[in-house]
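Since the structure comes first, as structure tokens, the remarks are kept for the end.
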Amino acid sequence: MNTASDKQTGIFPSVCSLDCPDQCALLIHKEAGRIVKIEGDPAHPVTQGAICNKVRNMTKRIYDPNRLRYPLKRIGKKGENLFERISWEEAIDTITLNWKQLIAEYGPDRILPYSFYGNMGRIGTEGMDRRFFNRLGASRLLYTICEAAGTEGYRFTMGGSFGTDPEDTIHAKLIIMWGINAVSTNMHQVVLAEKARKNGAKIVVIDVHKNQTGRWADWFIPILPGTDTALALGMMHILFAENRVDEAFLQQYTVGYEELRQHVRQYDPRTVSGITGVPVDDIYRLARMYGEASPSFIRIGNGPQHHDNGGMCVRTIACLPALTGQWLKKGGGAIKGNGAYLEHDASALQRPDLRITSTRFINMNLLGSALLELEPPVRSLYVYNSNPAVVAPHANKVRLGLAREDLFTVVHDLFLTETAKYADIILPATSSLENTDFYRSYWHHYVQIQQPVIEPYEESKSNVDVFRLLAQAMGFEEQVFQDTEEEMIRQALNNPSNPYLDGITYEALLEKQFVKAKVKPLFPGKLRTPSGKIELYSKAMESEGYPPLPTYTPLSEDEDLPFLFIPAPNHNFLNSTFAHNEKHVRMEKAPKLHMNAADASSLGVTNGDYVRVWNQRGECELLVSAGEDVLPGVVVSQGLWADTSGNKSLVNALTPDRVADMGGGATFFSGRVQVEKIDSRRVNEKKR
Ligand code: SF4
């Protein structure tokens, strides 16, 4: 393997590290040791050289003068943003001395690691860090903030995150994008759908907001938030009633289809229309379209699962392809996530055997409660690959917790994020282009490798290097803390229990840069469900206290306020990543609130007015965009904005920290708010 210093000038292969299903292959152009351009690698069979704006402009982020250059220690109050430079030696000594005292006095479970997939490199996110915290005996984080509810729901139906090969979706004749703004968050699925469209496919988008993806559709179906389960059940009602189901497939590859046939009789189109806001005629049209088109493909997005009823919702939508036998058609079926095809050996990477004491689990969606209410209390927080002060639900509660003077907080990041402002010690992180790691998409079927393209920026270090230093300072002598990145990648990929990974080796990745898993169609075949079949009726769910058949449950009670609030992603940020980068902020212009024109009129607001959006959890001030892009009673914001302008744009101040029906998932989209007009001049003055 060449080092970054060998790569002064030329074009070098790379991979996008962001938490995005597309996981594009990249080419990094360097001159005199510096990156001058980032483009897509046309050789990658799925991403084919096309990349999004976020990463095309990534060079600015890599060399952003605001990047952290050296470790810092706090010299002011928590959140006051006063720090001074220290050496790495002092930083590591301070952290480990504090932890040794904490462990001696209270035990290791008072230390909580908090991370997510700000960088999707597996050894950086699930490698040396997990080894370290396992050996330390720290509290264990449940990684639930993104896809937990839907993954669990899909697993009950399909036995794991196994879906359609996206490359095959060019053969589909009907593509339903369900609760996904794919133009902004899965752009290559859009490219593949366009190919299908040229061959006659129709594209239907079902969403609560007519965003870029809704505008691109042949038919956009607006739906009330949290009611997608009912729409899917209404489709099933019509498919069974009009004999549009594939009886042979149901008999051979599913369990519970007779029970389902009876069960969905209650979900007649009139009832479903009353729940979903979708007109009766449209429910018939959609179901008939789905019953006739073949192959038909459903891309299940992250939206529907971020509700109180999100797990059941995904479980229900996942039943649809079975009804019409789509899994036997090339390009038919569904994708919620495809991560199970590329499962590496997580135990070899994370080494749970290093943990000698049992410990508690803490759901990351409940970080605010964990910091403020948990007994025995968390006394130290180590944050990396995430920015919980912005991305976690009920953000004001999280910030109150972070502000505890007795909480010893370490943040390892590229920038002085909102979370870092509450830290006692801040450590500068390398970008993915400075690291060695391997990447596996959760949508397409390719594993890729990243070799360092540039030297670490100033004094920054990778997660792997920092945890090695921490392990050494804690006196951990196990060999696993000496493993090189290459050794860790080899350990992870050596996973005979996953035949799809066969042939994906370190050498193959070095030679080819990206290697496809040995996928084959799911059927004929056996799923990893208890029955080996698609479980339309799930005894496993029944034994865990869920309805065994797909069932619509309304959202939980929130505050008695008139609007359901959906804080969706925008086009130019990825969660809070890029929210600090001037160019991306300029492209997004301002944090907006999309609302129905009738609601705007009844509140006396028009486009360009500022409104106060509030509930008991917090408040925001957003710019009104009124029209017909959302149904009455629904308001949508886009993007997780940084608190840099002095404006109140922290949308997670409004989101609930209840957990979803399955997997401890997040319920970002199940909160209610009030909206009222405010004096726009006041907001503009504040901005100045
Ligand atoms: S964010 Fe997604 S679309 Fe953009 S370059 Fe990365 S993987 Fe590709």
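Listed values, structure above:
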item: Selection status of Arg135, modelled with pLDDT of 95 or more and either in a strand (DSSP E or B) or over 19 Å from Gln472 (Cβ atoms) (or both); result: no
item: Evaluation of Val15 against (1) farther than 25 Å from Glu582 by Cβ; (2) more than 9 Å from the ligand (Cβ to nearest atom); (3) of a type in the set (A, V, I, L, M, F, W, C) (one fails), failing number; result: (2)
item: Those residues of the stretch 310-336 which are in contact with a His (Cβ under 6 Å, 6 or more places away or on another chain) and open to solvent by 10 Å² or more (accessible area, probe 1.4 Å), in sequence order; result: Lys330
item: Selection within the stretch 572-603 - at positive phi and over 21 Å from the mean Cα position of the chain (by Cα); result: Lys589
item: Residue check for Ile95: touching a helix residue (DSSP H, G or I) at 6+ places or on another chain (Cβ under 9 Å), of a type in the set (A, V, I, L, M), away from the ligand (no atom under 16 Å from the Cβ) and closer than 28 Å to Pro388 by Cβ; result: yes
item: Every pair of residues 6+ apart whose Cβ atoms lie under 9 Å, when the first sits in the stretch 204-215 and is free of Cβ contacts under 8 Å to residues at least 12 places away in the same chain while the second is not in a helix (DSSP H, G or I); result: Arg215/Val205; Arg215/Asp629
item: Single residue of the stretch 407-438 satisfying the filter (at pLDDT 95 or above and acidic (Asp, Glu)) that is surrounded by the most Cβ atoms within 10 Å (Cβ to Cβ); result: Asp437
item: Failed condition for Lys37, given (1) part of a strand (DSSP E or B); (2) within 11 Å of the ligand (Cβ to nearest atom); result: (2)
item: Residues (open to solvent by 40 Å² or more (accessible area, probe 1.4 Å) and in contact with a Leu (Cβ under 8 Å, 6 or more places away or on another chain)) located in the stretch 37-80; result: Glu39, Asn66, Arg74, Ile75
item: Hey, Thr59 within 16 Å of the ligand (Cβ to nearest atom) and at pLDDT below 95 or not; result: yes
item: Qualifying positions in the stretch 172-212 - in a helix (DSSP H, G or I) and over 18 Å from Cys24 (Cβ atoms); result: Ala196, Arg197, Lys198, Gln212
item: Among the candidates Lys518, Lys512, Lys539, residue that is over 25 Å from Pro42 (Cα atoms) and surrounded by fewer than 18 Cβ atoms within 10 Å (Cβ to Cβ); result: Lys539
item: Failed condition for Trp178, given (1) out of contact with any Phe, Trp or Tyr (no Cβ under 9 Å at 6 or more places or on another chain); (2) open to solvent by 10 Å² or more (accessible area, probe 1.4 Å); (3) within 30 Å of Ser625 (Cα to Cα); result: (2)
item: When residues of the stretch 584-611 are limited to those that are under 16 Å from Asp643 (Cα atoms) and open to solvent by 40 Å² or more (accessible area, probe 1.4 Å), the one modelled with the highest pLDDT; result: Lys592
item: Number of the exception - Glu588 against (1) among the acidic types (Asp, Glu); (2) over 30 Å from Ala25 (Cα atoms); (3) in contact (Cβ under 8 Å) with a residue 40 or more places away in the chain; result: (2)
item: Residue match in the stretch 630-650 (condition: assigned to a strand (DSSP E or B), open to solvent by 10 Å² or more (accessible area, probe 1.4 Å) and within 20 Å of Pro569 (Cβ to Cβ)); result: yes
item: Long-range neighbours under 6 Å by Cβ, at least six apart or interchain, first residue of a type in the set (Gly, Ala, Ser) within the stretch 167-182, second open to solvent by less than 10 Å² (accessible area, probe 1.4 Å); result: Ala172/Ala196; Ala172/Ala201; Ala172/Phe297; Ala172/Gly331; Gly179/Gly301; Gly179/Pro304; Ala182/Gln189; Ala182/Thr213
item: Scan of the stretch 487-503 for residues that are more than 9 Å from His344 (Cβ to Cβ) and not in a helix (DSSP H, G or I), ordered by number; result: Pro496, Ser497, Asp502, Gly503
item: Flag if Lys30 is more than 21 Å from Asn385 (Cα to Cα), modelled with pLDDT under 95, surrounded by 14 or more Cβ atoms within 10 Å (Cβ to Cβ) and more than 10 Å from the ligand (Cβ to nearest atom); result: no
item: Residue, farthest from Ala389 (Cα to Cα), within the stretch 337-367, restricted to residues that are open to solvent by 20 Å² or more (accessible area, probe 1.4 Å) and among the β-branched types (Val, Ile, Thr); result: Ile356
item: Subset of the stretch 550-583 (residues that are open to solvent by less than 20 Å² (accessible area, probe 1.4 Å) and either in contact with an Asp or Glu (Cβ under 6 Å, 6 or more places away or on another chain) or aromatic (Phe, Trp, Tyr) (or both)); result: Phe563, Phe565, Asn570, Asn572, Phe573, Phe578
item: Exclusive hit being touching a residue at least 12 places away in the same chain (Cβ under 8 Å) and within 23 Å of the chain's Cα centre (by Cα), set Phe481, Phe476, Phe415; result: Phe415
item: Any hit, the stretch 65-81, residues being out of contact with any Ser or Thr (no Cβ under 7 Å at 6 or more places or on another chain), within 15 Å of the ligand (Cβ to nearest atom) and either in a helix (DSSP H, G or I) or modelled with pLDDT under 95 (or both); result: no
item: Search result, residues across the stretch 1-15 that are open to solvent by less than 30 Å² (accessible area, probe 1.4 Å) and without any contact (Cβ under 8 Å) to a residue 40 or more places away in the chain; result: Gly10
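So that you can scan it fast, the table gives a plain yes or no per residue for (1) open to solvent by 20 Å² or more (accessible area, probe 1.4 Å); (2) within 16 Å of the ligand (Cβ to nearest atom); (3) within 16 Å of His307 (Cβ to Cβ):
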site	(1), (2), (3)
Arg155	yes, no, no
Ser161	yes, no, no
Leu174	no, no, no
Ala182	no, yes, no
Asn186	no, yes, no
Leu192	no, yes, no
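The values are calculated or read from the model by the stated rules, or taken from the named source; none is laboratory data. Computed from a predicted structure; not experimentally measured. Note that we place each Cβ from the backbone using ideal geometry, even for glycine, and neighbour counts take in every protein chain shown. With ligands, DNA and RNA removed, areas are computed over all heavy atoms of the protein, side chains included. Shrake-Rupley method; radii C 1.70, N 1.55, O 1.52, S 1.80 Å.
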